[in-house]
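Visitor: Here's a structure for you.
Every number in this text was worked out from the coordinates using simple rules, so none of it is lab data. Just so it is clear, the model here is predicted, and its values are computed rather than measured. Counting neighbours? That spans all protein chains shown, and the Cβs are built from the backbone with ideal geometry, glycine included.
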Amino acid sequence: MNEKTLDILCVGLMFCDIIAKPVSKEIFDMDSQMLDTMKFASGGDAFNSAVNMSNLGMKVALVGRTGKDMPGDFLCGEATRSGITTDYIKQNEEASTATSIVLIEPNGERHFAVHGTANNTLTPEGIPDSAPESAKIVHIGSAMALPGLEGEALSKLFQKAKAAGAYTSMDVTWDGSGKWLSRIEEALYHTDFFLPSLQEAEQLSGCREPEEMAEFFKKFGFKALVIKLGEKGCFITDYTDSHIIPAFKVPDVVDTTGAGDAFVAGFLTSKVRGKSLYECGVIGNAVAAFCVTEAGATAGVKSWDETIEFINKQK
């Protein structure tokens, strides 16, 4: 078994986000509108979580794909600046970097206009065995948004990781194709930590309440099922103990982009640091709370020590 040189290996989406705020619904009736915020930022589930994990003190590598273009160069530079190992990021001359224009309403809700094909080129053949073998946790942050990495392909990646002594973790994105469970079911049997949102878990299970969802997912044998409840916090169970952990109150929500990815970063970082399941949920909620205080998916997240200090003050 290889020595674990990484805490967490993140696999999945890389996006260049162009963030615009505030954008009212009436913008299409206007010739122009002045904005308070316009900036470029890294995005994508896996990238967001990787940046936040690094901010929390983890040794993190990212497996992802960009085009060989200006947005791709920007993302590679951001990964390096964030302290992420970039050995497994590849730039493809024949694909365009996924780019998202993030239109944020005054209340913090956001809408995305998306372009780019590079993420579709991520396949198991492009992931060397050394990547999953080197990590304590292998996390896919964008399941159901990676056509080259689902079904049997994703299952084999997780089996390889578990054979090397790593935990496996999966977060999902909304499935525009409507196929849902069939795209990830095989891999779920090899998943230790499953972290969908309430809406995603409802689509996957056909159930409406977290307790019912937990019963549906029990057959997969997760070490933990974590359902993100947005502003209500999270539901978490290891099928021995279950908890609904309330979210921390945030007086001024600036931008909800990436809050779920921030929660994942906090949860998995806490697992690496040996925290209990309940503590992992609390810390995940705290990291998500920091996230929504700034525009973008990563700007608001603090260090591990600052996060723990914040939690202790709330007590």
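Visitor: Using all C-alpha to C-alpha distances in segment 141-286, build P(r) with 5 Å bins and read off the rounded percent in each one.
Guide: Once binned at 5 Å, the Cα pair distances of segment 141-286 give 2, 10, 20, 23, 22, 15, 7, 2, 0, 0.
Visitor: Distance in nm between label sites at residue 107 and residue 220, each 7 Å beyond Cα in the beta-carbon direction?
Guide: Going from the residue 107 label point to the residue 220 one covers 3.1 nm.
Visitor: What is the extension gain from residue 199 to residue 87, computed as 0.36 nm multiplied by their sequence separation minus the C-alpha to C-alpha distance, in nm to one decimal?
Guide: Numbers: separation 112, 0.36 × 112 = 40.32 nm, distance 3.41 nm.
Length gained between residue 199 and residue 87: 36.9 nm.
Visitor: How far is it, in nm, from the label point at residue 24 to the one at residue 114 when both lie 7 Å from their Cα along the line to the Cβ?
Guide: Each label point is offset 7 Å from its Cα along the Cβ direction, giving 2.9 nm.
Visitor: A further question follows. Cα centroid distance between segment 1-74 and segment 274-315, in Å?
Guide: If you average the Cα positions of each part, the centres end up 19 Å apart.
Visitor: Order by neighbour count: 66, 173, 293, 237, fewest other Cβ atoms within 10 Å first, most last.
Guide: Details: 66 30, 173 19, 293 16, 237 22.
Taking fewest neighbouring Cβ atoms as first place, the list is 293, 173, 237, 66.
Visitor: Please compute the length gained on full extension between residue 208 and residue 162, using 0.36 nm multiplied by the number of residues separating them and subtracting their Cα-Cα distance.
Guide: On the way: separation 46, 0.36 × 46 = 16.56 nm, distance 3.12 nm.
Contour length minus the Cα-Cα distance gives 13.4 nm.
Visitor: Just list whichever of 21/302; 4/90; 59/218; 4/179 have alpha carbons separated by over 24 Å in the model shown.
Guide: Details: 21/302 22 Å; 4/90 22 Å; 59/218 31 Å; 4/179 36 Å.
From the list (21/302; 4/90; 59/218; 4/179), the Cα-Cα distance tops 24 Å for 59/218; 4/179.
Visitor: Using a simple spin-label model with points 7 Å from Cα along the Cα→Cβ vector, what separation in nm is obtained for residue 35 and residue 244?
Guide: So the two model labels end up 3.8 nm from each other.
Visitor: Round to the nearest 0.05 the FRET efficiency obtained for residue 70 and residue 313 when R0 = 30 Å and r is the Cβ-Cβ distance. Display every interim value, and only then the final one.
Guide: Values: r = 42 Å, r/R0 = 1.41.
So the FRET efficiency works out to roughly 0.10.
Visitor: Now for a separate question. Quick one: Cα convex hull volume of segment 1-106, Å³ per residue?
Guide: Working: hull volume 12.9 nm³, N = 106.
Given the Cα convex hull of segment 1-106, per-residue volume reads 122 Å³.
Visitor: Also, quick follow-up: To one decimal place, what orientation-averaged projected area in nm² is obtained for the convex hull of the Cα set of segment 107-186?
Guide: Numbers: hull surface 26.8 nm².
The Cα convex hull of segment 107-186, projected and averaged over all directions, gives 6.7 nm².
Visitor: Something else: Under the Karplus relation 6.51 cos²θ - 1.76 cosθ + 1.60, θ = phi - 60°, what is the ordered set of whole-Hz ³J(HN,Hα) values for segment 246-258, x standing for Gly and Pro?
Guide: After applying 6.51 cos²θ - 1.76 cosθ + 1.60, I find x, 6, 7, 6, 10, x, 9, 7, 8, 6, 8, 4, x Hz.
Visitor: Can you list the equivalent-ellipsoid semi-axes of the chain, largest first and in whole Å, using the square root of 5 times each Cα gyration tensor eigenvalue?
Guide: On the way: eigenvalues 148, 116, 77 Å².
Semi-axes (√(5λ), whole Å): 27, 24, 20.
Visitor: Also, I was wondering about something else. Quickly estimate the mean residue ellipticity at 222 nm for the chain, helices only: each DSSP H run with n ≥ 4 gives -39500 (n - 2.57), and the total goes over all residues, rounded to 500.
Guide: On the way: 10 runs with 104 residues, N = 315.
Calculated mean residue ellipticity at 222 nm is -10000 deg cm²/dmol.
Visitor: Below 14 Å, Cα to Cα, which aspartates and glutamates can residue 25 reach? Residues fewer than 8 away in the same chain don't count.
Guide: Those aspartates and glutamates meeting the cut-off are 105, 109.
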